[in-house]
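Data first, discussion second: the structure below is written as structure tokens.
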Amino acid sequence: MMASGVGRVLRIGVIAAAILVTGAFPRPASGAISGTLSGFESAYPAAVPCPLSGNGQLGCQVATFVGYFNTRHRGDSGFWAARVVHPGLPTTKGRYAYIDSGSFTLRTGSGRRITGYFRATASGLEDLGQRLGAICTQTFAVTDRLYISGAANSSPIGTFRARLTHYGPRSSGAGCRVLWATVSGRMTISIPG
């Protein structure tokens, strides 16, 4: 009797190990994927017209980011890219700037490509403060909803919540001379059918 109990435990252990090694976890039943994102700003922000303000003036900047999206489900993890169009960033802790528009792309490990866009959000960028030192930082909360490109309805398919951190030497004034930036946070997307 003892031998069959041990054999059963060994078989369960082998199956569990195979699942862990192959990443054969069940897909989420809800049709949504959620995970952490990390990345960096891949280019210095460029001046562009603010598309949604309609004035055609070069009053906005486009910030470009790339990174990795990590989920519990191996096939849903992958690489992401985003372009965020916004006016100048807030310069006082607790103040906001709006996100004018933007786009995102997620390529999962299973080969799925999800593209979408950001809509105007009045409180999309919040100044969380800065630390001054030899290397100073400026930190911002970035929050927006994601919409699917080409969808018939205008319902959001997900959320993007991240912390943007600028790094650089302290400038002669009271701020930072930004040389690079990182982003980390969470993203949730309802997978289109």
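Nothing in this text is a laboratory measurement; each read-out follows from the coordinates by a stated rule. These numbers come from a predicted model, not from an experiment. Heads up, the Cβs are rebuilt from the backbone with ideal geometry, glycines too, and the neighbour counts pull from every protein chain shown.
Subtract the Cα-Cα distance of S172 and A81 from 0.36 nm times their separation in residues, and report this length gain in nm to one decimal.
Extra length from S172 to A81 when fully extended: 29.4 nm.
Please work out the FRET efficiency for the pair A43 and R72, using the Cβ-Cβ distance as r and a Förster radius of 22 Å; give the result to the nearest 0.05.
Approximately 0.10, to the nearest 0.05.
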